[in-house]
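The structure appears below as C-alpha cells.
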Amino acid sequence: TDFGYRSVPEEEKAGLVEGVFKNVADKYDLMNDLMSGGLHRLWKDKLVSRLRPFPGMQHLDAAGGTGDVSFRILNAIREMEKNIVRLPQRQSSADGDSQTKIVVSDINEAMLEVGKQRAKDRGFANAAELDWLQANAESLPLDENSFDGFTIAFGIRNCTHIDKVLSEAFRVLRRGGRFLCLEFSRVDALPLRQLYDMYSFMVIPCIGELVAGDKESYQYLVESIRRFPHQQRFARMIADAGFQKVQFENLTGGVVAIHSGFKL
Ligand code: SAM
C-alpha cells in the first residue's frame, strides 16, 4: 500500500526539499529526537566511530544541516588531541591547533544558520577547525582530491541525483579517502517492517503536525525513505561511482544503514 500519498515527480523534488528544510530548520533537532526516540544520536555516534577521525584530517560533511555529525567528529578529534604529547614549542591552544578542517556543507542556509548558533551554544563558535559552506552536494565548489573523509547523514535521500552526489564525493576525496553514508534503509524482517511502516506513516506525520505545524513536510520525508534504494542496490551505486571495498552495515534491523567505500 502507498498509504494514499502521491509520489513526487523528480522535477519538483528540489524545490520541495528546500521548502521542507526551510520550514523545519528551527525545530529540526527536536523533531529528530522525537521521531527517532533519540536513536539518531546513537546512529550518528556509530557513523563517526566507523569514520575513525584523526587530528589533522580534512573532512567534508555534505548535507550537514545543523552540524550534528560535524560536531561529533570535532569532539572525537579534540579528545584524541588531548592525549597527544606535544613538545613545548608546539603547545596547543584550548581551541585546538591542528590543521584539522571539517567543512559542514548544506544547500539550505537556514539549516546552516541554526548550526552556527548551535556551534556557539556548544563553545565551538570560534573553532578554527569548522567551516560552513552553502553548497549543493550534487556540484560542490571544492577542489578534487582535497578531503580524507566524506560523510553524508540522512541527506543523500533528499538529493535529486544520487549518482551526482556519489561522483562528487569520489572527486573531492583523496586517494585513500573514505566515503560514509548514514541513511534510512530497508527493514527486512516482517514483524519489524510492519511496525515500522505503521509508525512512519501514521505517527511521524502527526508528530510533524503537532510539533512543527507541518504535516506535509513529514509525509514527504516518510515517502522519500520508501523510495530510496535498498541496501544492496545503493552499495552497487557507490561501487559504480568508483569506490572500492564497498560495505554496508544495518543498524536497528535496517531502519538505517551505514554504507562505506574507499577511493583507492
Ligand atoms: N546531516 C544532518 C543530520 O544528520 O542531522 C542533516 C540531515 S537533514 C535530514 C537533510 C539535509 O539535507 C537538510 O539540511 C537539507 O537542506 C540537505 N539537502 C537536501 N538536498 C541537498 C542537496 N542537494 N545538497 C546539499 N544538501 C542538501
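As a check on your grasp of the helix formula, calculate [θ] at 222 nm for the chain: sum -39500 (n - 2.57) over DSSP H runs of n ≥ 4, divide by the residue count, round to the nearest 500.
Result for the chain, helices only: -13000 deg cm²/dmol.
Across bins of 10 angstrom width beginning at 0, how are the C-alpha pair distances of the range 173-264 distributed, in whole percent?
Bin by bin from 0 Å, the calculated values are 16, 38, 28, 16, 3.
Can you give the local net charge around residue 186? Use residues other than it whose beta-carbon is closer than 10 angstrom to its beta-carbon, Lys and Arg +1, Asp and Glu -1.
+2
Report, for the chain, the % of DSSP beta bridges that are antiparallel, rounded to 5.
40 percent
Choose one of 208, 150, 107: the residue whose Cα lies farthest towards the positive end of the charge dipole of the chain (beta-carbon charges +1 Lys, Arg; -1 Asp, Glu; about the Cα centre).
Comparing the listed Cα positions along the dipole, 150 ranks first.
What list do you get for 77, 102 if you sort them by fewest beta carbons within 10 Å?
Taking fewest neighbouring Cβ atoms as first place, the list is 77, 102.
In debye, nearest 20, what is the charge dipole magnitude of the chain about its Cα centre with +1 on Lys and Arg Cβ and -1 on Asp and Glu Cβ, if you could check?
980 debye
Plugging the Kirkwood radius over Cα pairs into Stokes-Einstein for the range 153-199, at a temperature of 25 °C and a viscosity of 0.890 mPa s, what D comes out in µm²/s?
Using the Kirkwood radius from Cα pairs, D works out to 189 µm²/s.
Any idea what Rg and Dmax come out to for the chain if you just take the C-alpha atoms, in Å?
Both quantities, over Cα of the chain: 18.5, 66 Å.
Roughly how many whole Å is it from the C-alpha centroid of the range 114-150 to that of the range 152-202?
The two parts, judged by their Cα centres, are 20 Å apart.
If each residue's Cβ is checked for other Cβ atoms within 10 Å, how do 85, 104, 187 rank with the fewest at the top?
By the 10 Å Cβ count, ascending: 85, 187, 104.
Amide H neighbours of residue 173 under 5 Å, at least 5 residues apart or on other chains, H built in the peptide plane: list them.
Amide H neighbours of residue 173: 145, 146, 147.
Kindly put 59, 259, 40 in sequence by how many other C-beta atoms sit within 10 Å of each C-beta, fewest to most.
So the ranking, lowest neighbour count to highest, is 40, 259, 59.
Each residue of the range 216-226 in turn: what ³J(HN,Hα) in whole Hz from Karplus with 6.51, -1.76, 1.60 and θ = phi - 60°, glycine and Pro shown as x?
Once rounded to whole Hz, the list reads 4, 4, 7, 5, 4, 4, 5, 5, 5, 5, 5.
Bear in mind that the values in this text are calculations on the coordinates, not laboratory data. Since the structure is predicted, the reported quantities are computational estimates derived from the model, not experimental observations. So basically every Cβ, Gly included, is an ideal-geometry build from the backbone, and we count neighbours across all protein chains shown.
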